[in-house]
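The values are calculated or read from the model by the stated rules, or taken from the named source; none is laboratory data. Here the structure is a predicted model, which means the values were calculated and not measured. Heads up, the Cβs are rebuilt from the backbone with ideal geometry, glycines too, and the neighbour counts pull from every protein chain shown.
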Amino acid sequence: MKVSHIEHIGIAVKSLDEAIPYWENVLGLKCYNIEEVADQKVKTAFFKVGQTKIELLESTSEDGTIAKFIEKKGAGVHHVAFAVEGVEDALADAESKGVQLIDKAPRKGAEGLSIAFLHPKSTFGVLTELCEDKNKK
């Protein structure tokens with residue numbers, strides 16, 4: 001499996017109202033969008049560092065995935081996405097090495113990416129996403 005670069009990082013935070021000013025005023029980054037996804041019980045603030053997208057995720061419900069993650073592990077990195085060449089081959093390679101897959105086959109993600117997820121139980125508690133831009137030439 002050839003990993004070309006980190007695509008994006010998701011970080012669970014307790015409060016976007018506290019986290020955004022820290023990222024903007026202390027780290028000097030600009031939040032370019034805030035979006036709430038009711039189905040996933042999460043509100044997300046988006047930043048960019050070069051080509052890497054950083055998402056700060058705040059739970060909007062106590063029974064949401066992010067709230068449960070923070071309860072078990074505390075605030076911090078919970079989701080890392082890697083760009084790969086040949087996502088199907090990368091999945092087969094990962095599974096052959098004992099990694100549990102959430103998706104047996106990649107599915108269409110945002111921005112035309114083909115994405116698949118590796119299970120946190122086999123990736124040190126971090127949800128890992130493999131993604132490939134099928135439109136790239």
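Cβ-Cβ distances below 8 Å connect the following pairs, each with a first residue in segment 81-102 that is within 21 Å of His8 (Cα to Cα), a second residue that is in a helix (DSSP H, G or I) and of a type in the set (Asp, Glu), and a separation of six or more residues or different chains: Leu101/Glu95.
Selection over segment 11-44 of residues that are out of contact with any Phe, Trp or Tyr (no Cβ under 8 Å at 6 or more places or on another chain) and among the hydrophobic types (A, V, I, L, M, F, W, C) gives a count of 10. Can you name the residue in segment 103-136 that is touching a residue at least 24 places away in the same chain (Cβ under 8 Å) and in a loop (DSSP other than H, G, I, E, B) and, of all such residues, is surrounded by the most Cβ atoms within 10 Å (Cβ to Cβ)? Applying the filter and picking the extreme gives Pro106. Taking segment 12-98 and the strands (runs of 3 or more DSSP E) fully enclosed by it, the elements with 3 or more residues that are surrounded by 13 or more Cβ atoms within 10 Å (Cβ to Cβ) are at 42-49, 52-59, 76-84. Tally time: how many residues in segment 86-137 are closer than 20 Å to Lys53 by Cα and hydroxyl-bearing (Ser, Thr, Tyr)? So the count comes out to 2. Listed conditions (1) under 24 Å from Leu16 (Cβ atoms); (2) of a type outside the set (Lys, Arg); (3) out of contact with any helix residue (DSSP H, G or I) (no Cβ under 6 Å at 6 or more places or on another chain); (4) modelled with pLDDT of 90 or more are all met by Gly125, apart from (4).
Residue by residue, here is whether (1) modelled with pLDDT of 85 or more; (2) within 16 Å of the chain's Cα centre (by Cα) holds:
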{"position": "Lys48", "(1), (2)": "yes, yes"}
{"position": "Gln51", "(1), (2)": "no, yes"}
{"position": "Glu62", "(1), (2)": "yes, no"}
{"position": "Ala67", "(1), (2)": "yes, yes"}
{"position": "Gly76", "(1), (2)": "no, yes"}
